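Below is one structure, written out as structure tokens, with a few remarks after it.
The values are calculated or read from the model by the stated rules, or taken from the named source; none is laboratory data. A quick note: this is a predicted structure, and the numbers were derived from the prediction, not measured. Cβ sites come from the backbone with ideal geometry, for glycine too, and all protein chains shown count toward neighbours. Accessible surface is based on the protein model in full, side chains and every heavy atom, while ligands, DNA and RNA are left aside. Shrake-Rupley method; radii C 1.70, N 1.55, O 1.52, S 1.80 Å.
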Amino acid sequence: MEKQTKIPPNQHVVKNFIIYAEFGIPHVDIQQYRMKVTGLVEQPLEFTYDQLMNELPHEKIRTDFHCVTGWSVLDVEWEGIPFSLIIEKAKVKENAKWINFYSMDGYTTIIPLDDVRNDPQSMIAVKINGKPIPEKNGFPARPIIPHLYGWKSAKWLTEIEFIDKYIDGYWEERGYHERGDVWEEERFKGMSGKHSRKRPVL
Ligand SMILES: Nc1nc2c(c(=O)[nH]1)N[C@H]1C(S)=C(S)[C@@H](COP(=O)(O)O)O[C@H]1N2
Ligand SMILES: [Mo]
């Protein structure tokens, strides 16, 4: 477990997560719950909660969580399934470029596949600080990609779709960045670099 200590530009530290639920906190029937892996894959997958929690291999990471509105929670321990394992098991096709996340409540967001490939800490988290993720924080699962802003971490995750062409998710449609790297300060589309220099959008 590697710990990151530096705080990204223009973030301030808070003690606790601020709960965001654009569509309210959904009721999760854990018996009915499935997490699907779809799209540009040779092997579509579907997992029950029990499989996510008890059958698939887990890793633990310790990392900081950054919301684009400016707050950061330091030193959070997440436990879950490494993203590399999902990519391997699903046999993601060559032409896949983006990962589209769907949540139970209708929330969606999108990230570049390369950001997951290049961040070995990225995972589908099922535990936070040693306990199952609380309902308000996205029970039973949410993706964690530590170097991307928090809105890319779709709570109540139900589907991971691999696609070749970019499409907007909920916040991306409202002007937020395609990638959302916290160190590059990619808050809004067209924004990149420590001084928020403009650069052409993808
Ligand atoms: N389904 C869903 N996922 C979501 C959101 C949301 O409103 N709905 N908000 C996002 C934002 S902007 C942030 S910063 C984090 C906040 O996580 P928390 O509510 O556990 O603090 O969840 C992200 N995932
Ligand atoms: Mo956020």
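The range 144-180 and the range 32-59 have their alpha-carbon centroids 19 Å apart. In the range 42-81, the alpha-carbon atoms span a convex hull of 123 Å³ per residue. Volume per residue for the range 1-135 equals 128 cubic angstrom (convex hull of Cα atoms). Quick one: of LYS15/LYS155; LYS36/LYS189; LYS6/LYS93; LYS127/LYS165, which pairs are farther than 26 Å apart, Cα to Cα? Cα-Cα > 26 Å for LYS36/LYS189; LYS6/LYS93; LYS127/LYS165; rest within.
Using a simple spin-label model with points 7 Å from Cα along the Cα→Cβ vector, what separation in nm is obtained for THR48 and GLU22? A separation of 3.2 nm, rounded to one decimal place. Normalised per residue, the accessible area of the chain is 49 Å², obtained with a 1.4 Å probe and no contribution from ligands, DNA or RNA.
Remark: the range 20-162 carries a charge dipole of roughly 40 debye about the Cα centre, counting +1 on each Lys and Arg Cβ and -1 on each Asp and Glu Cβ. Entry note, the chain: the mean residue ellipticity at 222 nm calculated from DSSP H runs of n ≥ 4, each adding -39500 (n - 2.57), is -1500 deg cm²/dmol after division by the residues and rounding to the nearest 500. Think of the chain as a dipole: +1 on every Lys or Arg Cβ, -1 on every Asp or Glu Cβ, centred on the Cα centre; then among ALA141, TYR102, ILE7, ILE7 lies furthest on the positive end. Computed over the range 71-202, the convex hull of the alpha-carbon atoms projects to a mean area of 8.2 nm².
The GluC sites (Glu not before Pro) of the range 57-130 that DSSP puts in a loop, and whose beta carbon has at most 16 other beta carbons within 10 Å, are GLU94. Per-residue Karplus couplings for the range 20-32, computed as 6.51 cos²θ - 1.76 cosθ + 1.60 with θ equal to phi - 60°, are listed in order as 10, 8, 4, 10, x, 8, x, 7, 9, 8, 5, 5, 8 Hz, Gly and Pro entered as x. Within the shell of other residues whose beta carbon sits under 15 angstrom from the beta carbon of LYS155, the net charge comes to 0, with Lys and Arg scored +1 and Asp and Glu -1. Think of each Lys and Arg Cβ as +1 and each Asp and Glu Cβ as -1; about the Cα centre, that makes the dipole of the range 93-189 roughly 380 debye.
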